[in-house]
2 protein chains.
Amino acid sequence: MGLIPAAAPKRATDLWYTEPFDKGWRIAFRIRQTLYSGESEYQQIDLFESESFGKVLVLDGMTMLTERDECGYHEMLVHLPMFTHAKPKRVLIIGGGDGGTLREVLRHPCVEEAVQVEIDSEVMEVSRRFLPELASGFSDPRATVVVGDGISYVGNAPDGSFDVILVDSTDPIGPAEGLFKKEFYSQCRRVLREKGVIAVQSGSPLFQPEVLRQVAAIFKELFPISCSYLSSVPAYGGPWSFTLGSLGPDPAHGPSRPLEGLKGTLRYYTPSLHKAALALPRYVEEMVE
Amino acid sequence: MGLIPAAAPKRATDLWYTEPFDKGWRIAFRIRQTLYSGESEYQQIDLFESESFGKVLVLDGMTMLTERDECGYHEMLVHLPMFTHAKPKRVLIIGGGDGGTLREVLRHPCVEEAVQVEIDSEVMEVSRRFLPELASGFSDPRATVVVGDGISYVGNAPDGSFDVILVDSTDPIGPAEGLFKKEFYSQCRRVLREKGVIAVQSGSPLFQPEVLRQVAAIFKELFPISCSYLSSVPAYGGPWSFTLGSLGPDPAHGPSRPLEGLKGTLRYYTPSLHKAALALPRYVEEMVE
């Protein structure tokens, strides 16, 4: 007897992970449990099981992916350039430690080798343990995983050695800063084979317009054909941009070959969406013009 | 002297408005000040000045618009059907108390009369006072504002009296529930002129897939041509859906006439985006198939 009733109702811990997009706007996920939390040589890595978006991977406090909406990012980063190219055999992925980009690349049966260069082996380890659906490609015989710096790798790679290059980086602060510079993109162009295609994530048009502007301007200088396109990734605050450069095929012509033969089931990319993603809202057009 | 220093550093009130999209996901806006807060006959109305998104209008705890991204909603709800129609002269708007939809409709010089039926006059009053950029159309001589129930208005309207109908409602709970039912849409069809076009907001494909599914299915039954399309509205959690029904012109053919002549400057809609918005991500295609 007393102030505390004998059978007090239980109250669960109400845990929220919050990402501030700027000082005035936040997205928050209710967290069921923290599956992993650790500091690697390069960054803080957190993996949460969320209430509404499945597992959520967070690097240095920024959402990298949620199981629920990663398709909007990975499928659009990968299949637009991969289907723009007539027959990509050798593909280079810079970053993308969670494995989602590699998984999408390996859906294409024409791929003979996919080389992934990721600086932080612990991100890959966490993904292998907790996100096996994303990390499935790491054990594919066509995949070569290099733990190292993407800039050095590309700098040392022979001329004309890849059909498609995909840059799946974090934001241009911290370890990924150099991946948004002209010097790096220019090395990428050198490493592309004839008729090669490169696509990179180029930030949120809403919260990082300067990133998109800069990448689009550099690609316009470096590649005979270039364009930016959008996808919708709620966990990234809505619209997300990618920028593509091509030494030959034009992405505006749509996919170069039928989707049949692709392994597994897509949730986001379609041949119609390939072309449609290139049509930008007016305010984004103005950024990249 | 004591525990409180004589010149304690000032600390501002840190105020956040939060919308829960489901029990596990939230979007939050930092609020500089509350400009208006009141209860009308129909709903709670709040208007905030936010840190990052300009003014934010909230009805019954749900974000209706922010100045920063309302273009993605209003321009796509309005211009896609308005440019699908060859020459819309009489336009009916159901809901849309903030005035944004009316403003977009009146950009079209071919419009002779726009009738807006809004149940809650206080929303219009708040918009007139605090969102003059959105409410500008209320004083246009071509605009007729009716304070009343949209369902009754349409039920009593003569056959074939409007070229375009736009339903700019709140979510299908509370006052707007009946605006998502077959009976209402069927009355709308009756009220459309030959070759008329209707477009309605049909919810978030992510958080209200059942709304989109239902509206798309009803439109398929009622209209010879129907389709759903998407825009990107960060304050609504990312992708937002609209559904269009047509008695004649096909939205897939793109705008029926050039944009020149449209009053003012668009921030979102473009002729390319008109067609592109109809291409849906695979997971949304599956909802409306």
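The values are calculated or read from the model by the stated rules, or taken from the named source; none is laboratory data. These numbers come from a predicted model, not from an experiment. Cβ coordinates were reconstructed from backbone atoms using ideal geometry, including for glycine residues, and neighbour counts include every protein chain displayed. Please note that ligands, DNA and RNA were not included when accessible areas were found on the heavy atoms of the full protein model with its side chains. Shrake-Rupley method; radii C 1.70, N 1.55, O 1.52, S 1.80 Å.
Within the stretch A:236-254, work out how many residues are touching a His at 6+ places or on another chain (Cβ under 9 Å) and either facing chain B (nearest Cβ under 7 Å) or of a type outside the set (G, A, S) (or both).
Number of matching residues: 2.
Here are some residues: A:G150, A:G137, A:G97. Which one is at pLDDT 95 or above, out of contact with any Asp or Glu (no Cβ under 7 Å at 6 or more places or on another chain) and over 21 Å from A:L212 (Cα atoms)?
On the way: A:G150 fails: over 21 Å from A:L212 (Cα atoms); A:G97 fails: out of contact with any Asp or Glu (no Cβ under 7 Å at 6 or more places or on another chain).
Of the residues listed, the single one that is at pLDDT 95 or above, out of contact with any Asp or Glu (no Cβ under 7 Å at 6 or more places or on another chain) and over 21 Å from A:L212 (Cα atoms) is A:G137.
Condition test on B:G137, is it at positive phi and open to solvent by less than 20 Å² (accessible area, probe 1.4 Å)?
no
Out of A:E75, A:E41, A:E49, A:E19, I need the residue that is closer than 24 Å to A:M124 by Cα, in a loop (DSSP other than H, G, I, E, B) and acidic (D, E). Which one?
Numbers: A:E75 fails: in a loop (DSSP other than H, G, I, E, B); A:E49 fails: in a loop (DSSP other than H, G, I, E, B); A:E19 fails: in a loop (DSSP other than H, G, I, E, B).
None of the other options fit; the residue is A:E41.
Part of a helix (DSSP H, G or I) and either closer than 28 Å to A:V284 by Cβ or modelled with pLDDT under 95 (or both), is that true of B:A216?
For B:A216, the condition - part of a helix (DSSP H, G or I) and either closer than 28 Å to A:V284 by Cβ or modelled with pLDDT under 95 (or both) - is met.
Can you name the number of the only condition in (1) under 23 Å from B:A252 (Cβ atoms); (2) out of contact with any Ser or Thr (no Cβ under 7 Å at 6 or more places or on another chain); (3) touching a residue at least 60 places away in the same chain (Cβ under 8 Å) that A:P251 fails?
(2)
Which condition number does A:R257 fail, the rest of (1) assigned to a strand (DSSP E or B); (2) under 23 Å from A:C71 (Cβ atoms); (3) away from chain B (no Cβ under 12 Å); (4) open to solvent by 10 Å² or more (accessible area, probe 1.4 Å) being met?
Against the list (1) assigned to a strand (DSSP E or B); (2) under 23 Å from A:C71 (Cβ atoms); (3) away from chain B (no Cβ under 12 Å); (4) open to solvent by 10 Å² or more (accessible area, probe 1.4 Å), A:R257 comes up short only on (1).
Please state which of the following conditions B:V58 fails to meet, knowing it meets all the rest: (1) open to solvent by less than 10 Å² (accessible area, probe 1.4 Å); (2) at pLDDT below 95.
Here B:V58 meets the rest and fails (2).
Exactly one condition in (1) surrounded by 16 or more Cβ atoms within 10 Å (Cβ to Cβ); (2) modelled with pLDDT of 95 or more; (3) more than 21 Å from B:G72 (Cα to Cα) is not met by B:L131; state its number.
(3)
Take B:E125 and tell me if it is part of a helix (DSSP H, G or I), under 19 Å from the mean Cα position of the chain (by Cα) and at pLDDT 95 or above.
So B:E125 passes the test.
I'd like to know if the stretch B:195-202 contains one or more residues that are more than 14 Å from every other protein chain (Cβ to nearest Cβ), touching a helix residue (DSSP H, G or I) at 6+ places or on another chain (Cβ under 8 Å) and surrounded by fewer than 20 Cβ atoms within 10 Å (Cβ to Cβ).
No - not one qualifying residue is present in the stretch B:195-202.
Out of curiosity, is A:A86 assigned to a strand (DSSP E or B), within 24 Å of A:H274 (Cα to Cα) and of a type in the set (G, A, S)?
no
Which of the residues spanning the stretch B:219-254 are under 15 Å from the mean Cα position of the chain (by Cα), outside any strand (DSSP E or B) and at negative phi?
Across the stretch B:219-254, the qualifying residues are B:P234, B:A235, B:Y236.
Return the residues of the stretch A:243-254 that are crowded, with 23+ Cβ neighbours inside 10 Å and within 17 Å of B:L273 (Cβ to Cβ); say none if nothing qualifies.
Matches in the stretch A:243-254: A:P251 only.
Filter the stretch B:261-272 down to the residues that are within 8 Å of chain A (Cβ to nearest Cβ), in contact (Cβ under 8 Å) with a residue 60 or more places away in the chain and either surrounded by fewer than 20 Cβ atoms within 10 Å (Cβ to Cβ) or farther than 11 Å from B:F83 by Cβ (or both) and list them by number.
Once the filter is applied, which keeps residues that are within 8 Å of chain A (Cβ to nearest Cβ), in contact (Cβ under 8 Å) with a residue 60 or more places away in the chain and either surrounded by fewer than 20 Cβ atoms within 10 Å (Cβ to Cβ) or farther than 11 Å from B:F83 by Cβ (or both), the stretch B:261-272 yields B:L266, B:R267, B:Y268.
Could you check, for the stretch B:90-106, whether at least one of its residues is small (G, A, S), within 14 Å of chain A (Cβ to nearest Cβ) and in a loop (DSSP other than H, G, I, E, B)?
no
Residues of the stretch B:260-289 being in a helix (DSSP H, G or I) and under 23 Å from B:R103 (Cα atoms), which ones?
Passing the criteria: B:P271, B:S272, B:L273, B:H274, B:K275.
Which residue pairs have Cβ atoms under 6 Å apart, sit 6 or more places apart or on different chains, and have a first residue in the stretch B:29-42 that is more than 14 Å from chain A (Cβ to nearest Cβ) and open to solvent by less than 90 Å² (accessible area, probe 1.4 Å) and a second that is part of a strand (DSSP E or B) and at pLDDT 95 or above?
Taking only residues 6 or more apart or on different chains, the pairs are B:T34/B:F48; B:L35/B:L47; B:L35/B:E49; B:Y36/B:L47; B:S37/B:D46; B:G38/B:I45.
Can you spot a residue in the stretch B:213-221 that is closer than 26 Å to B:M62 by Cβ, in contact with a Phe, Trp or Tyr (Cβ under 8 Å, 6 or more places away or on another chain) and within 14 Å of another protein chain (Cβ to nearest Cβ)?
No, the stretch B:213-221 contains no residue that is closer than 26 Å to B:M62 by Cβ, in contact with a Phe, Trp or Tyr (Cβ under 8 Å, 6 or more places away or on another chain) and within 14 Å of another protein chain (Cβ to nearest Cβ).
Assess whether B:P205 counts as being within 14 Å of chain A (Cβ to nearest Cβ) and not in a loop (DSSP other than H, G, I, E, B).
No: the conditions fail for B:P205.
Scan the stretch B:126-145 and report the pairs whose first residue is farther than 14 Å from B:G96 by Cα and whose second residue is open to solvent by 20 Å² or more (accessible area, probe 1.4 Å) and at pLDDT 95 or above, with Cβ atoms within less than 7 Å and a gap of 6+ or a chain change.
Partner pairs satisfying both residue conditions: B:F130/B:L35; B:F130/B:Y36; B:F130/B:K55; B:R142/B:E112; B:R142/B:E113.
B:I225 fails exactly one of the following numbered conditions: (1) farther than 20 Å from B:S169 by Cβ; (2) at the interface with another protein chain (Cβ under 10 Å from one of its Cβ atoms). What is the number of that condition?
B:I225 satisfies every listed condition except (2).
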